[in-house]
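Down below is the structure, laid out as structure tokens.
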């Protein structure tokens with residue numbers, strides 16, 4: 001896999017974005033965009049992806065224990081479908097299970113103070129989603 005990959009962590013108010021390095025092996029926090037509407041969000045994500053030479057957009061999606069899409073998962077699916085209407089870049093759903101919790105634990109491990117830790121997890125959660133996607137696809141290739 002060669003080229004940048006973007007991960008999207010959809011939230012109610014904010015959407016976290018992460019970008020891989022050009023070789024598609026290391027995830028990095030990219031930015032947070034504020035939720036406006038599904039179509040406006042999708043257009044912004046598609047534009048950022050094209051500006052950064054992204055080859056795949058990965059949208060974090062939560063699944064219920066039985067593997068079906070819960071309410072948040074359905075929102076992620078609708079966002080992914082909206083992004084597909086805005087760009088030719090392939091869009092995939094990826095299980096985001098525990099990404100926010102993992103991001104919070106990483107901030108604790110890095111020694112970030114409790115006050116700073118209470119901030120938004122969106123970019124870090126997107127980074128966790130992206131790294132899990134990259135790791136899974138690196139083993140396969």
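The values are calculated or read from the model by the stated rules, or taken from the named source; none is laboratory data. This is a predicted model, so every value here is computed, not measured. Quick reminder, even Gly has a Cβ in these numbers, built from the backbone with ideal geometry, and neighbours come from all protein chains shown.
For region 1-29, which residues satisfy the criterion of being buried (at least 22 other Cβ atoms within 10 Å of the Cβ) and either out of contact with any helix residue (DSSP H, G or I) (no Cβ under 8 Å at 6 or more places or on another chain) or part of a strand (DSSP E or B) (or both)? Reasoning before the result, please.
Going through region 1-29, the residues buried (at least 22 other Cβ atoms within 10 Å of the Cβ) turn out to be 5-10, 15-20, 27.
Listed by number, the residues that qualify are 5, 6, 7, 8, 9, 15, 16, 17, 18, 19, 20, 27.
Let me confirm something: among 89, 83, which residue is part of a loop (DSSP other than H, G, I, E, B), at pLDDT 95 or above, more than 15 Å from residue 14 (Cα to Cα) and touching a helix residue (DSSP H, G or I) at 6+ places or on another chain (Cβ under 7 Å)?
Result: 89 is the single residue among 89, 83 that is part of a loop (DSSP other than H, G, I, E, B), at pLDDT 95 or above, more than 15 Å from residue 14 (Cα to Cα) and touching a helix residue (DSSP H, G or I) at 6+ places or on another chain (Cβ under 7 Å).
Pull up region 30-60, narrow it to residues that are within 11 Å of the chain's Cα centre (by Cα) and over 16 Å from residue 91 (Cβ atoms), then point me to the one that is surrounded by the fewest Cβ atoms within 10 Å (Cβ to Cβ).
Per the stated criteria, the residue is 31.
Within the group 36, 40, which residue is at pLDDT 95 or above and in a loop (DSSP other than H, G, I, E, B)? Reasoning before the result, please.
On the way: 40 fails: in a loop (DSSP other than H, G, I, E, B).
Answer to the check: 36.
Looking at region 35-59 only, could you name the residues that are touching a helix residue (DSSP H, G or I) at 6+ places or on another chain (Cβ under 9 Å) and over 17 Å from residue 130 (Cα atoms)?
Within region 35-59, 35, 36, 38, 39, 41, 42, 43 qualify.
How many residues, within region 61-80, are assigned to a loop (DSSP other than H, G, I, E, B) and surrounded by 13 or more Cβ atoms within 10 Å (Cβ to Cβ)?
Here the count works out to 2.
Taking residue 62 as meeting all but one of (1) more than 22 Å from residue 124 (Cβ to Cβ); (2) in contact with a helix residue (DSSP H, G or I) (Cβ under 7 Å, 6 or more places away or on another chain); (3) in contact (Cβ under 8 Å) with a residue 12 or more places away in the chain, write down the number of the exception.
Single failed check for residue 62: (1).
How do the pairs read when you match residues in region 1-22 that are in contact (Cβ under 8 Å) with a residue 12 or more places away in the chain with residues anywhere that are in a loop (DSSP other than H, G, I, E, B) and buried (at least 24 other Cβ atoms within 10 Å of the Cβ), using Cβ under 7 Å and keeping only pairs 6 or more apart or on different chains?
Correct list of pairs: 9/96.
Are any of the residues in region 98-113 closer than 24 Å to residue 4 by Cβ, assigned to a helix (DSSP H, G or I), at pLDDT 85 or above and more than 15 Å from the chain's Cα centre (by Cα)?
First, pick out the residues of region 98-113 that are closer than 24 Å to residue 4 by Cβ: 99-100, 102-103, 106.
From the residues that got through so far, the ones that are assigned to a helix (DSSP H, G or I) too are 99-100, 102-103, 106.
With the extra rule that they be at pLDDT 85 or above, the set shrinks to none.
The answer is no; no qualifying residue exists.
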